[in-house]
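Asker: Dropping a structure here in structure tokens format, bear with me for questions.
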Amino acid sequence: RPHDQAARIVTELLRAKAQRSGGASIKSLVYKSDVENKKAVYAICCETLKHLSIIKGVLEESKCLSDLLPKKLGLVYVWVYELLFGQWKKISHFNKFVPVAKQQDKLKEAYERIKCKKGGIKGETSSSLSLSPLESKTFPRYARINTLKLSIDSALSQLKSEYGDENVKKNKYLRDVLELPSSIHLYNHRLIKQGSVVLQGLSSCMPVHALQPTRSMVLIDACSAPGNKTTQLAAHLAANGSPEVDVGKIFAFDLDPTRFQRLCKNVRHCGAEGIVQPELKDFLSVNPREDEKYKQVRAILLDPSCSGSGTAHSRGDMLLGKALDVSEQSETERRRIDILASFQEKCLRHALNFPLVERVVYSTCSIYLRENETVVASVLAEAERLGFKLEKALPQWPRRGFPLFDACENLVRVDPSKDKTDGFFLALFTRSKATVT
């Protein structure tokens with residue numbers, strides 16, 4: 001049953017947090033193969049953790065179920081959530097957790113007392129009493145139109161006809177991205193199944209727009225799996241230029257065989273086989289000056305492994321109170337971030353050394369300075385020696401880099417607490433053909 005599975009996951013996450021062992025997110029646990037109704041279980045886990053401080057307060061106020069908490073902590077939390085904020089009335093009496101059902105009047109009374117103490121209105125159903133701004137924030141549902149299969153106008157028209165003009169909007173910064181209310185679930189929509197529309201976060205769509213590939217270019221997506229950016233890059237490559245010009249090619253690298261298979265599947269699903277050439281190899285193993293295959297590469301999209309700290313909201317980590325400030329991280333976590341940053345710097349230096357490359361986008365889904373501005377600063381001298389400069393990426397985007405050095409205004413930052421999407425960072429290096437050696 002979904003509540004039992006959700007309770008097990010909540011228990012595991014809280015135990016890991018208490019022991020500072022980490023190693024799992026809500027999504028990674030929910031999407032294990034043994035979880036049957038993944039959508040329902042994920043929703044129950046997220047909502048339970050979102051309301052956890054309120055649930056704990058109600059249990060303390062009511063003095064109920066204390067004997068069960070050590071042994072069945074997850075079940076108690078999940079079912080108290082359902083009672084106070086969830087679908088309690090719609091759940092069959094026979095499926096409810098009996099201890100909570102027996103104490104439901106006391107628990108409801110305790111919740112009303114807590115609301116009164118906090119200045120709430122009696123009978124109020126709002127659950128925002130103890131939620132932080134980011135916990136209570138819901139991002140829109142973002143969907144990228146795959147123009148290899150469907151025009152932007154056609155996708156917009158079809159979705160508006162189904163969900164209404166007011167519920168389907170073009171993003172004002174990225175022309176191929178649509179915004180819908182989070183309550184609209186597109187997972188099983190025919191356009192998703194056809195590969196005509198891709199569920200992809202707004203910030204994840206930014207690097208391709210910053211790179212601005214032209215139709216005949218040969219490009220590299222250096223760390224490409226699962227392939228959402230790769231297929232978006234293919235769509236932009238095909239669209240940017242005269243139809244009479246042959247479409248270029250994208251070499252899409254990934255080192256992990258499982259992720260590589262997912263990349264290949266995604267490329268086929270989106271109709272990008274004629275443009276994308278998946279490569280099961282390490283980007284760092286390529287010799288850009290000796291390997292004939294890659295000598296003509298003119299642009300590189302580099303989105304290397306990172307801490308993923310910007311995706312804390314969509315992964316659900318914020319609900320566990322995980323620290324996002326590096327000063328609050330454990331020594332082990334700081335070392336991990338340093339190792340990642342060293343790898344990112346190595347990849348960026350490698351990208352800048354391709355002989356004919358004119359444009360390099362470096363991006364991460366991290367909000368940490370160490371993986372973002374600091375990495376860019378560490379390669380600036382070499383980049384300038386090679387003829388590169390930091391160009392202002394996505395000039396209409398309002399949020400720019402932290403002022404670590406003079407050109408940080410040219411960098412892009414996405415703040416999940418303000419921009420309604422995952423945290424992100426982006427830098428664009430460019431040089432003219434005349435300076436390429």
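The values are calculated or read from the model by the stated rules, or taken from the named source; none is laboratory data. Only a predicted model underlies this, so the values are computations on that prediction, with no experimental measurement involved. In this analysis, Cβ positions are derived from the backbone assuming ideal geometry, glycine residues included, and neighbour counts consider all displayed protein chains. The area values use the complete protein model at the heavy-atom level, side chains included, leaving out ligands, DNA and RNA. Shrake-Rupley method; radii C 1.70, N 1.55, O 1.52, S 1.80 Å.
Asker: Condition (residue is in contact with a helix residue (DSSP H, G or I) (Cβ under 7 Å, 6 or more places away or on another chain), open to solvent by less than 60 Å² (accessible area, probe 1.4 Å), within 25 Å of Leu356 (Cβ to Cβ) and not hydrophobic (A, V, I, L, M, F, W, C)) applied to region 379-389: is it met by at least one residue?
Answerer: Taking every residue of region 379-389 in turn, at least one turns out to be in contact with a helix residue (DSSP H, G or I) (Cβ under 7 Å, 6 or more places away or on another chain), open to solvent by less than 60 Å² (accessible area, probe 1.4 Å), within 25 Å of Leu356 (Cβ to Cβ) and not hydrophobic (A, V, I, L, M, F, W, C).
Asker: Going by what's in this entry, would Arg349 be described as within 18 Å of Met206 (Cβ to Cβ), touching a helix residue (DSSP H, G or I) at 6+ places or on another chain (Cβ under 8 Å) and open to solvent by 10 Å² or more (accessible area, probe 1.4 Å)?
Answerer: Judged against the criteria, Arg349 is not a match.
Asker: From the residues in region 239-274 that are over 21 Å from Lys295 (Cα atoms) and small (Gly, Ala, Ser), which one is least open to solvent (accessible area, probe 1.4 Å)?
Answerer: Only one residue tops the list, namely Ala272.
Asker: So, one more: I want to confirm something. Restricting to region 155-166 and keeping residues that are open to solvent by less than 40 Å² (accessible area, probe 1.4 Å) and without any contact (Cβ under 8 Å) to a residue 24 or more places away in the chain, which single residue is nearest to Val197 (Cα to Cα)?
Answerer: Among them, the one singled out is Leu156.
Asker: Pairs needed: first member in region 38-52, modelled with pLDDT of 85 or more; second member anywhere, part of a helix (DSSP H, G or I) and polar (S, T, N, Q); C-beta distance under 6 Å; at least 6 residues apart or different chains.
Answerer: That search, which allows pairs on different chains as well, returns Val41/Gln5.
Asker: Here is a further query. Do we have Val247 as farther than 16 Å from Leu301 by Cβ and not charged (D, E, K, R) here?
Answerer: Numbers: farther than 16 Å from Leu301 by Cβ: yes; not charged (D, E, K, R): yes.
Yes, satisfied.
Asker: Looking at region 123-138, is at least one residue open to solvent by 40 Å² or more (accessible area, probe 1.4 Å), closer than 30 Å to Pro207 by Cα and either among the β-branched types (Val, Ile, Thr) or modelled with pLDDT of 90 or more (or both)?
Answerer: yes
Asker: Is it true that some residue in region 193-204 is exposed (fewer than 14 other Cβ atoms within 10 Å of the Cβ) and either free of Cβ contacts under 8 Å to residues at least 12 places away in the same chain or within 25 Å of Leu302 (Cβ to Cβ) (or both)?
Answerer: Yes, there is a match, as at least one residue in region 193-204 is exposed (fewer than 14 other Cβ atoms within 10 Å of the Cβ) and either free of Cβ contacts under 8 Å to residues at least 12 places away in the same chain or within 25 Å of Leu302 (Cβ to Cβ) (or both).
Asker: For region 372-430, please list each of the strands (runs of 3 or more DSSP E) lying entirely inside it that holds at least 2 residues being of a type in the set (Val, Ile, Thr).
Answerer: On the way: elements: 389-391, 412-414, 424-430.
Ranges flagged: 412-414.
Asker: Select, from Leu178, Leu148, the only residue that is open to solvent by less than 40 Å² (accessible area, probe 1.4 Å), modelled with pLDDT of 95 or more and either within 25 Å of the chain's Cα centre (by Cα) or closer than 24 Å to Glu273 by Cα (or both).
Answerer: Criteria check complete, one pass: Leu178.
Asker: Name the pairs whose Cβ atoms lie under 6 Å apart, with the first residue in region 285-297 and within 16 Å of Arg359 (Cβ to Cβ), the second hydroxyl-bearing (Ser, Thr, Tyr), and 6 or more positions between them or separate chains?
Answerer: Pro288/Tyr294
Asker: Consider Thr258 carefully, then state whether it is within 21 Å of the chain's Cα centre (by Cα), of a type in the set (Val, Ile, Thr) and modelled with pLDDT under 95. Outline the logic, then answer.
Answerer: Working: within 21 Å of the chain's Cα centre (by Cα): yes; of a type in the set (Val, Ile, Thr): yes; modelled with pLDDT under 95: yes.
Spelling it out, Thr258 is indeed within 21 Å of the chain's Cα centre (by Cα), of a type in the set (Val, Ile, Thr) and modelled with pLDDT under 95.
Asker: Let me ask something else. Evaluate the following for Val357: is it open to solvent by less than 40 Å² (accessible area, probe 1.4 Å) and part of a helix (DSSP H, G or I)?
Answerer: So Val357 does not fit the description; no.
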